[in-house]
Amino acid sequence: MPVIYSNDAHYAEDWEVTQKWGEHAIKGTNGAEVIAELAPAKKDYIIEKRTYSSFYETSLDQLLKSLYRGKGVKTVVLGGMHTHICIRHMAADAFFRGYKIIVAEGRS
Ligand SMILES: [Zn+2]
């Protein structure tokens, strides 16, 4: 099963940085990297994003459609840190693109 990491990798000019959350996950800094405990394997994919949704102005949809020798992915399993923000927006964008959606449940 393909694993795709989609991390914030902001520019200082991004709306999230200037208008909402302040400086975080700036592209090229440790804040934009996957934490060591969840480090990607060599075969995993990494898609950088600049907004809540991993689909917005990224190549994620194109990647999902190209997987399995062009047959594409039909279902996405979503997991992340902020369910009410990034997962919410990503789920909506996945829904509008026709993907079936599973949101992984975590416990802390
Ligand atoms: Zn952000």
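The values are calculated or read from the model by the stated rules, or taken from the named source; none is laboratory data. Remember, predicted model here, so these are calculated numbers, not experimental data. No Cβ is skipped: glycine too gets one built from the backbone with ideal geometry, and neighbour counts run over all protein chains shown.
Structure summary
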read-out: Val77 modelled with pLDDT of 95 or more, outside any loop (DSSP other than H, G, I, E, B), over 20 Å from Val103 (Cα atoms) and touching a strand residue (DSSP E or B) at 6+ places or on another chain (Cβ under 8 Å); value: no
read-out: Criterion: more than 14 Å from the ligand (Cβ to nearest atom), exposed (fewer than 15 other Cβ atoms within 10 Å of the Cβ) and touching a residue at least 40 places away in the same chain (Cβ under 8 Å) - qualifying residue of Ile46, Ile4; value: Ile46
read-out: Test set (1) within 16 Å of the ligand (Cβ to nearest atom); (2) at negative phi - Gly28 fails condition number; value: (2)
read-out: Residue match in the stretch 36-58 (condition: assigned to a helix (DSSP H, G or I) and at pLDDT 95 or above); value: no
read-out: Top-ranked residue in the stretch 7-24 [being in contact with an Asp or Glu (Cβ under 8 Å, 6 or more places away or on another chain) and either assigned to a strand (DSSP E or B) or among the hydroxyl-bearing types (Ser, Thr, Tyr) (or both); ranked as surrounded by the fewest Cβ atoms within 10 Å (Cβ to Cβ)]; value: Asn7
read-out: In the stretch 80-108, the residues that are small (Gly, Ala, Ser) and surrounded by 15 or more Cβ atoms within 10 Å (Cβ to Cβ); value: Gly80, Ala91, Ala94
read-out: In the stretch 25-35, the residues that are part of a loop (DSSP other than H, G, I, E, B) and among the hydrophobic types (A, V, I, L, M, F, W, C); value: Ala25, Val34, Ile35
read-out: Residue pairs meeting the criteria (Cβ under 6 Å; at least 6 apart or on separate chains; first among the hydroxyl-bearing types (Ser, Thr, Tyr), in the stretch 74-91; second part of a strand (DSSP E or B)); value: Thr75/Lys100
read-out: Residue list for the stretch 59-74, restricted to those being more than 14 Å from the chain's Cα centre (by Cα), assigned to a helix (DSSP H, G or I) and surrounded by 14 or more Cβ atoms within 10 Å (Cβ to Cβ); value: none
